[in-house]
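Before any comments, here is the structure.
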Amino acid sequence: MGTNVSSAARDEDLAIARRAAGGDRVAQRALFVALRRAVHHTLYRILGSNRDIEDLVQDAFIEIFRALPTFRGDSTLSRWCQTITTRIAYLAISRRRPATIELTLVEDVVADGSPDAHRVALARDAARRLYAALDHLDPHKRVAFALAVIDGLSLREVAELTGSSTFAVKTRVWRGRRELYKRAQNDPVLREYLGALDGGDR
Amino acid sequence: MTGPLGPPTVEPLPDAAWNRVERGLWNHMDRESAVSRPQPRRPRLWLAVPVLAAAALALWLGFRSHDTQPIDDEPTRIVAGATPSSASFGDAHVELDANTALDMFHQGRSPSAMVEYGAAWFSVAPRGVRPPFEVRAGDAIVRVIGTRFRVARDAEHVDVLVDHGIVEVRFRGALVTLTANQSWSSAKPTEIATSETHASIDPAPAMKQPDVVAPPASTPPPPPTLTPNRVDIERARYETLQRLEAKRPDAAMTGYLELSKGSSKWAPIALFAAARLAVDRHDRRAKSLLTIYLNRFQQGANADDARQLLRRLDEGTP
């Protein structure tokens with residue numbers, strides 16, 4: 001995290017940030033290429049699918065480029081971009097209208113019937129159920145739960161990404177989990193999945 | 001997937017999606033910087049008028065001879081299945097290996113190609129005043145100065161081999177320049193290999209199709225390889241004619257027409273090249289050549305382009 005940024009890495013980050021902020025397209029493109037997967041990863045973890053994600057990735061990079069002049073090297077450039085991306089994801093789920101129709105969750109057709117294909121189909125189904133349940137959470141809780149439980153970040157890291165205290169994050173994760181288990185009462189697949197995620201809880 | 005009940009897998013975005021994101025991003029950035037750029041006070045417009053007029057004239061003269069392709073924001077996807085394929089894109093000719101997919105599009109005025117997977121040879125006319133030609137494969141960007149070269153891609157592994165001419169490869173901020181018989185690999189991005197024969201260059205080790213492509217039913221496709229097939233005399237002739245176009249278009253036209261008489265796979269390519277050259281040069285034979293091409297090769301790789309050119313000629317649009 002911020003305090004551990006080595007001097008060389010910090011200088012490198014500051015140099016490319018300065019060039020990109022000055023409108024250097026080569027630096028901007030290098031930054032885009034270097035960070036695009038991290039940005040996509042964060043958005044995907046919070047949102048759960050690639051639906052509408054292209055626009056959000058673009059929004060995230062626009063915000064990143066706009067904010068580059070304020071980058072001071074207190075954290076790595078990658079972590080700093082992740083903070084902006086988390087905010088973009090938060091705004092996106094805050095703007096979303098609540099779903100009025102529950103979509104039926106259909107299990108993937110397992111083409112070859114192999115244990116591997118079946119395992120993948122099961123996991124996809126469980127993930128869909130999880131994100132469908134997450135859609136009902138307050139955005140703060142959802143972001144905290146997705147980053148801490150699904151993505152496996154520490155509470156302190158989630159606090160830095162969301163600009164909150166560690167205590168607030170811990171509370172949101174706890175409340176989010178409680179609401180999800182409540183929703184999972186009649187959904188054994190979701191209940192089992194939550195249990196498995198908690199089994200690897202950090 | 002780490003296990004049946006592990007955290008859900010992050011499904012990667014396909015290259016075409018990244019491409020859209022990147023183009024949208026730069027367009028937005030360009031618009032934003034244009035809006036935020038401060039306007040000079042009391043501009044001396046009378047000074048700028050002759051300069052702008054001269055620049056516009058130079059641009060028009062420079063581009064009109066080869067600007068027959070519309071600027072198209074939507075990429076055209078070309079996929080070669082079990083057999084190799086070829087296609088023309090503006091003044092470039094592309095030969096796709098089997099099991100290869102490309103996206104062809106214009107970025108601004110620049111023709112560009114994105115290798116989704118597989119490998120292809122690109123023959124690109126010398127750029128001169130023409131907009132640069134770019135080929136992207138993963139994080140590698142190959143900028144073309146006028147050459148014949150090959151790009152092979154397997155997931156994030158990229159190989160580039162130059163047959164003749166010069167290309168620049170930009171990879172994660174670093175830039176290398178390759179000349180004839182030199183190759184580059186993303187596995188060793190700072191090294192340039194020189195070889196007497198292309199056959200010594202080994203492709204990526206473990207080839208697999210990317211996630212976005214449905215896996216084949218039975219046998220996996222052969223991996224893309226940098227090794228050229230056999231020496232093809234007609235292909236060499238075609239490439240020579242392409243290089244001749246800029247300096248001696250009449251000779252190139254004669255050569256294309258000669259080559260188009262055969263029955264090899266280069267006949268339709270040469271015939272279309274002759275027709276395209278005729279259109280570029282406002283040659284009165286253009287219409288006849290396009291019609292002959294469509295009669296002979298109704299399902300040809302350039303049939304759609306031929307129809308489009310013919311339509312434009314009929315409508316009298318440039």
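The values are calculated or read from the model by the stated rules, or taken from the named source; none is laboratory data. On a predicted model such as this, the values are computed, not experimentally measured, just so you know. Don't worry about glycine lacking a Cβ; one is built from the backbone with ideal geometry, like all the others, and counts go over all protein chains shown.
Evaluate region A:5-26: report whether one residue or more is touching a residue at least 60 places away in the same chain (Cβ under 8 Å), out of contact with any strand residue (DSSP E or B) (no Cβ under 8 Å at 6 or more places or on another chain) and within 12 Å of chain B (Cβ to nearest Cβ).
yes
Tell me, which residue of region A:85-122 that is away from every other protein chain (no Cβ under 14 Å) and modelled with pLDDT of 80 or more is surrounded by the fewest Cβ atoms within 10 Å (Cβ to Cβ)?
Here the residue is A:R95.
Which one of the conditions (1) at pLDDT below 85; (2) out of contact with any Gly (no Cβ under 6 Å at 6 or more places or on another chain); (3) surrounded by fewer than 18 Cβ atoms within 10 Å (Cβ to Cβ) does B:Y117 fail to meet, given that it meets all the rest?
So the condition that B:Y117 fails would be (3).
Of these, B:T225, B:T197, which one is surrounded by 14 or more Cβ atoms within 10 Å (Cβ to Cβ) and at pLDDT below 55?
B:T225
May I ask you to say which residue of A:R66, A:R45, A:R29, A:R37 is at the interface with chain B (Cβ under 9 Å from one of its Cβ atoms) and surrounded by 19 or more Cβ atoms within 10 Å (Cβ to Cβ)?
A:R45
Applying the selection to region A:142-158, what residues are within 17 Å of A:R45 (Cβ to Cβ) and either surrounded by fewer than 21 Cβ atoms within 10 Å (Cβ to Cβ) or within 14 Å of chain B (Cβ to nearest Cβ) (or both)?
A:F145, A:A146, A:L147, A:A148, A:V149, A:I150, A:D151, A:G152, A:L153, A:S154, A:L155, A:E157
Strands (runs of 3 or more DSSP E) wholly in region B:128-178 with at least 2 residues that are crowded, with 18+ Cβ neighbours inside 10 Å - which ones? Break it down stepwise before answering.
On the way: elements: B:133-137, B:140-154, B:157-171, B:174-178.
Counting at least 2 such residues, we get B:133-137, B:140-154, B:157-171.
Considering region A:126-141 alone, what residues qualify as being in contact with a helix residue (DSSP H, G or I) (Cβ under 9 Å, 6 or more places away or on another chain) and facing chain B (nearest Cβ under 10 Å)? First the steps, then the outcome.
Initial filter on region A:126-141 (in contact with a helix residue (DSSP H, G or I) (Cβ under 9 Å, 6 or more places away or on another chain)): A:126-127, A:129-141.
Answer for region A:126-141, where residues must be in contact with a helix residue (DSSP H, G or I) (Cβ under 9 Å, 6 or more places away or on another chain) and facing chain B (nearest Cβ under 10 Å): A:A126, A:A127, A:L130, A:Y131.
Only helices (runs of 4 or more DSSP H) wholly contained in region B:247-301 count here; list those with 1 or more residues that are out of contact with any Pro (no Cβ under 8 Å at 6 or more places or on another chain) and under 18 Å from B:A125 (Cα atoms).
Because the criterion is at least 1 residues that are out of contact with any Pro (no Cβ under 8 Å at 6 or more places or on another chain) and under 18 Å from B:A125 (Cα atoms), the helices (runs of 4 or more DSSP H) in region B:247-301 that meet it are B:249-260, B:266-280.
Name the pairs: first residue in region A:67-79 and outside any helix (DSSP H, G or I), second residue among the aromatic types (F, W, Y) and at pLDDT 90 or above, Cβ to Cβ under 7 Å, at least 6 apart or on different chains?
Filtered contacts from region A:67-79: A:F71/A:W80.
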